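Please read the structure below before turning to the comments.
Nothing in this text is a laboratory measurement; each read-out follows from the coordinates by a stated rule. No experiment lies behind these values; they were computed from the predicted model shown. No Cβ is skipped: glycine too gets one built from the backbone with ideal geometry, and neighbour counts run over all protein chains shown.
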Amino acid sequence: MSEQRTPSQFPSVPLRELASRITDGSHFSPTPQQHGYLIANVKDMKSGYIDFSSCTRISASAYRELNATGCTIRNGNVLLSKDGTVGRVVVYQQDDEIGALSSICIIVPTEEIDSAYLGHALQSEICVRQFENFMSGSALRRLVLRDIRAIEIPVPSVEQQEAIAQILDTLDTAIRETEVLINKLKAFKQGLLHDLLTRGIDANGQLRPPQSEAPQLYKESRLGWIPREWEALRLDTVAARGSGHTPSKDVLSYWNGGVKWVSLADSHRLDRIYIHETDKEISELGIANSSAVLHPEGTVILSRDAGIGKSAILGCDMAVSQHFMAWRCGEKLNNLFLYFYLQREKPKFEAIAIGSTIKTIGLPFFRSYEIAVPPRQEQDQGAAILMEAEQGLAAHATELEKLRKHKIGLMDDLLTGRVRVTPLLESMQHTAVPTGA
């Protein structure tokens, strides 16, 4: 798709001329009830729908008041989040009438605009750029109704609108199906992680039955019930523990010297198994004149401060900041097995961290930290199974990102008229859109 920003070939019309009503929800929050009518907030706006399960319930009298003041959502309305998280869009296509709070803008389209098309248009770069220009507030970003009414919408013929919406709806379906599949795979991975790291694999290559079903296969340990073949060991006895350091920032020659250095700025790169890139680099001189250590490729690292419990395996030789622990595994411990073990322990790390402003785990904890260690062959088998599950999840995540980018580019082309909708629709009717399944 073209990257060039060109004006739409369709006439641009202010949103106020395409809607019989543009309003927002209630500016007061009714008292929540255990039972009753639903009222939606921005948090309830999901990918193309309102999640009833997360909506608040209110009394019948409160709902009647909302209905009387036009603060209710009906089938065919287009919803736009306007406070805090700005720009979420839902084309409401359910018969249940529900209330709305003021963070949601309720748009009632006229016959001149297809509601599904309008929903897509409001998510396009054409409208997002206008939102950014109009948004006010520093702590809480928001759009006001006056500015929403002035948003310019490209308006082709109704027939073209319906065709564009059909094409983009097809992509949305593929995106939602891939999202559902990814969520299922994540749940499967978590279950697999628990089973492999508590029950493990028997001599026949099968998961051991749980301790409750086969107590003879397990023994008590300081870590609880573990398979009889496993050992509860201090991590220091099967891996060489190291830490990190930050060279003096006042000495320029200590920095930008080509040695990759993992810091809290790389938090977004963790929990993806391997880390290959870092935001910052230090120099060999910086390592020589500080307590920093160059850890070899394959070292497992764990954040013990902000972002507690995030972990990764170094994809090449790297140094780390003092916010990280590092373990170089020996023959008795598979580094992938340790990575997955630390992933499962993340809630534990978060629970024991102390501190008011920035929580941290002190070094003494890691000196005595114990893990359950299976025989090396069993570790290798378990790590291979978990790696396969992780790679499958990553492949579908990549496919999802491709679909999202494809939709953004296609939406821009269709709404500007750079791509004619009729030939594209005909081609899509003969070609299935990949769902990543």
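Take every Cα-Cα distance within region 246-367, group them into 10 Å bins from 0 onward, and report for each bin the whole-number percent of pairs it holds.
14, 45, 33, 8, 0
What is the spin-label model distance, in nm, from ARG222 to VAL13 if the labels are put 7 Å beyond Cα along the C-beta direction?
7.4
Taking the Cα centre of each part, how many Å lie between region 122-169 and region 250-275?
Between the Cα centre of region 122-169 and that of region 250-275, the gap is 39 Å.
Can you put CYS105, CYS55, CYS316, CYS71 in order, fewest other beta carbons within 10 Å first? Mind dumping the intermediate values first?
Numbers: CYS105 26, CYS55 18, CYS316 13, CYS71 22.
Lowest to highest Cβ neighbour count: CYS316, CYS55, CYS71, CYS105.
SER29 versus GLU388, label points 7 Å from Cα toward the beta carbon: distance in nm?
Going from the SER29 label point to the GLU388 one covers 4.8 nm.
Mind checking the angle between helix 125-134 and the chain's longest principal axis? C-alpha axes, 0 to 90 degrees, to the nearest 10.
So the inclination is approximately 90 degrees.
Which order do TYR92, TYR274 fall in if you start with the one that has the fewest other Cβ atoms within 10 Å? Don't skip to the answer; put the middle values down first.
Numbers: TYR92 25, TYR274 14.
With the fewest neighbours first, TYR92, TYR274 line up as TYR274, TYR92.
Could you please state, rounded to a whole Å, how far the C-alpha centre of region 379-401 is from the C-alpha centre of region 173-199?
After rounding, the separation between the Cα centres reads 10 Å.
For the chain, take the longest principal axis of its alpha carbons; what is the angle in degrees between that and the long axis of helix 421-430, to the nearest 10 within 0 to 90?
Taking the Cα atoms of the chain, the angle to 421-430 is about 50 degrees.
Please give the helix 335-344 orientation as an angle from the longest Cα principal axis of the chain, in degrees from 0 to 90, rounded to the nearest 10.
With both axes taken from Cα atoms, the answer is about 60 degrees.
So what's Rg/Rh here for the chain, counting alpha carbon atoms and using the Kirkwood radius for Rh? Display every interim value, and only then the final one.
Numbers: Rg = 27.5 Å, Rh = 25.9 Å.
A ratio of 1.06.
By counting other Cβ atoms within 10 Å of each Cβ, how are TYR218, TYR341 ranked from fewest to most?
Values: TYR218 20, TYR341 24.
Least crowded to most crowded, the residues run TYR218, TYR341.
Quick one: grab the alpha carbon gyration tensor of region 155-292, order the square roots of its eigenvalues as a ≥ b ≥ c, and give me rounded if a/c is under 1.5, else prolate or oblate depending on whether a/b is larger than b/c. Walk me through the intermediate numbers first.
On the way: a/c = 4.52, a/b = 1.09, b/c = 4.14.
Verdict is oblate for region 155-292.
Give the average over all directions of the projected area of the C-alpha convex hull of region 75-192, one decimal, in nm². Let's see the in-between values first.
Numbers: hull surface 38.7 nm².
Result: 9.7 nm².
Find the percent of Cα-Cα distances in region 109-164 that exceed 14 Å, and round it to a whole number. Please report the intermediate quantities before stating the final value.
Numbers: 886 of 1540 pairs.
That fraction is 58 percent.
List the equivalent ellipsoid semi-axes of region 12-155 in whole Å, largest first, each obtained as the square root of 5λ for an eigenvalue λ of the Cα gyration tensor. Working shown, then result.
Details: eigenvalues 123, 54, 34 Å².
For region 12-155, the ellipsoid semi-axes come out as 25, 16, 13 Å.
Which value, in debye to the nearest 20, gives the size of the charge dipole of the chain about its Cα centre, when Lys and Arg are +1 and Asp and Glu are -1 at the Cβ?
Here the size comes out at about 1180 debye.
Rounded to whole Å and sorted largest first, list the principal axis extents of the Cα atoms in region 72-123.
Here the spans come out as 29, 24, 14 Å, largest first.
Dividing the Cα radius of gyration by the Kirkwood radius, what Rg/Rh value follows for region 221-290?
Expressed as Rg/Rh, it is 1.18.
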